[in-house]
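Peer 1: Before anything else, here's the structure in question.
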Amino acid sequence: MKNTAVTFKNAKQKGEKLSMLTAYDYTTASLVDSAGINAILVGDSLGMVMLGYEDTLSVTMEDMIHHSKAVARGVKNTLVVTDMPFMSYQTSVYDAVINAGRLMKEGRAGAVKLEGGAEFAEHISAIVKASIPVMGHIGLTPQSVNAFGGFKVQGKTNEAAQKLIDDAEALEKAGVFAIVVECVPAELGKAITEAVNVPVIGIGAGKYCDGQVLVYQDMLAMYDKMKPKFVKAYANIGEQMIEAFKAYDSEVKSGAFPTDEHSF
Ligand code: KIV
């Protein structure tokens, strides 16, 4: 079945959990789609795992459109959600609508995601009024890494926890169809999930969320610059790739590849 912003909203009413993974290219997107994952996030994490930056701040609209288009060509049933990069929506409501529109028109996204709470409610409702589905993102919002002083667990004091619950409610009121909650204590993940009627997709937010999202290079152990506690490695593809590259290198150098089987 085709996943859309509407099926996402309905899933929560039916008590069905939702799966989401990042992908940034055609081949990976088609594999994720074949696995039946509900949504692909073309995350601005691509700045780190695809482009090698130390954070997500340098990612541009052009980067996001380029990768979003490739992912969109790879999927049949999976919903494509594309991140709005740093400074593509923070500057004004007008910029937010124009840039969300570009991610849909040029990037062929099915929805956009943006980071931030109540302070972006006006931006979100303007985008939603333009018929563009919006996913919110609160908790550890990586575009604010400098303001947070690092990649740290959020919502640890009662006051900070209450602010995140208030933010989730403000996002729901502004019209989001789902909310990513990143790096908060599991009990706060539960409280946020219970506070809103739209699905809450957790990443390091515990087991009570309505769904989960992971960066695919993390869950396949392909990216070793950062290893957050919330990541589970489902396969050791990084190591398998190195072994395969080494075998190829050695066969090329010894002359064992190619044989007649791989020749015309
Ligand atoms: O950019 C991204 O991959 C994200 C996830 C970490 C939720 O925003």
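Peer 1: Can you work out which of the residues in segment 40-70 that are assigned to a helix (DSSP H, G or I) and away from the ligand (no atom under 14 Å from the Cβ) is surrounded by the fewest Cβ atoms within 10 Å (Cβ to Cβ)?
Peer 2: Filtering first and then ranking leaves 62.
Peer 1: Residues being within 16 Å of the ligand (Cβ to nearest atom) and touching a residue at least 60 places away in the same chain (Cβ under 8 Å): count how many of those fall in segment 71-86.
Peer 2: 3
Peer 1: If you don't mind, another one. Residue 35 - would you say it is surrounded by fewer than 22 Cβ atoms within 10 Å (Cβ to Cβ), at negative phi and free of Cβ contacts under 8 Å to residues at least 40 places away in the same chain?
Peer 2: So residue 35 passes the test.
Peer 1: Ok, one more. Just checking, how many residues over segment 1-21 are of a type outside the set (A, V, I, L, M) and either part of a helix (DSSP H, G or I) or modelled with pLDDT under 95 (or both)?
Peer 2: Count: 7.
So that you can scan it fast, the table gives a plain yes or no per residue for (1) in contact (Cβ under 8 Å) with a residue 60 or more places away in the chain; (2) open to solvent by less than 10 Å² (accessible area, probe 1.4 Å); (3) among the aromatic types (Phe, Trp, Tyr); (4) assigned to a loop (DSSP other than H, G, I, E, B):
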{"site": "88", "(1), (2), (3), (4)": "no, yes, no, yes"}
{"site": "97", "(1), (2), (3), (4)": "no, no, no, no"}
{"site": "100", "(1), (2), (3), (4)": "no, yes, no, no"}
{"site": "103", "(1), (2), (3), (4)": "no, yes, no, no"}
{"site": "119", "(1), (2), (3), (4)": "no, no, no, no"}
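Peer 1: Looking only at segment 139-154, which residues are in a loop (DSSP other than H, G, I, E, B) and away from the ligand (no atom under 16 Å from the Cβ)?
Peer 2: 149
Peer 1: So which strands (runs of 3 or more DSSP E) stay within segment 170-253 end to end and still have 3 or more residues that are within 16 Å of the ligand (Cβ to nearest atom), open to solvent by 70 Å² or more (accessible area, probe 1.4 Å) and more than 25 Å from residue 48 (Cβ to Cβ)?
Peer 2: Answer list for segment 170-253: none.
Peer 1: Further question: Based on this model, can you work out whether residue 24 counts as among the aromatic types (Phe, Trp, Tyr), crowded, with 16+ Cβ neighbours inside 10 Å and near the ligand (Cβ under 10 Å from one of its atoms)?
Peer 2: Answer is yes for this residue.
Peer 1: Restricting the search to segment 145-185, which residues are among the small types (Gly, Ala, Ser) and touching a residue at least 60 places away in the same chain (Cβ under 8 Å)?
Peer 2: Answer for segment 145-185, where residues must be among the small types (Gly, Ala, Ser) and touching a residue at least 60 places away in the same chain (Cβ under 8 Å): just 178.
The values are calculated or read from the model by the stated rules, or taken from the named source; none is laboratory data. Treat the numbers as computed from the prediction; the structure is a model and nothing was measured. Neighbour counts are summed over all protein chains in view; Cβ atoms, including those assigned to glycine, are modelled from backbone coordinates with ideal geometry. Note: areas computed on protein heavy atoms with side chains; ligands, DNA, RNA excluded. Shrake-Rupley method; radii C 1.70, N 1.55, O 1.52, S 1.80 Å.
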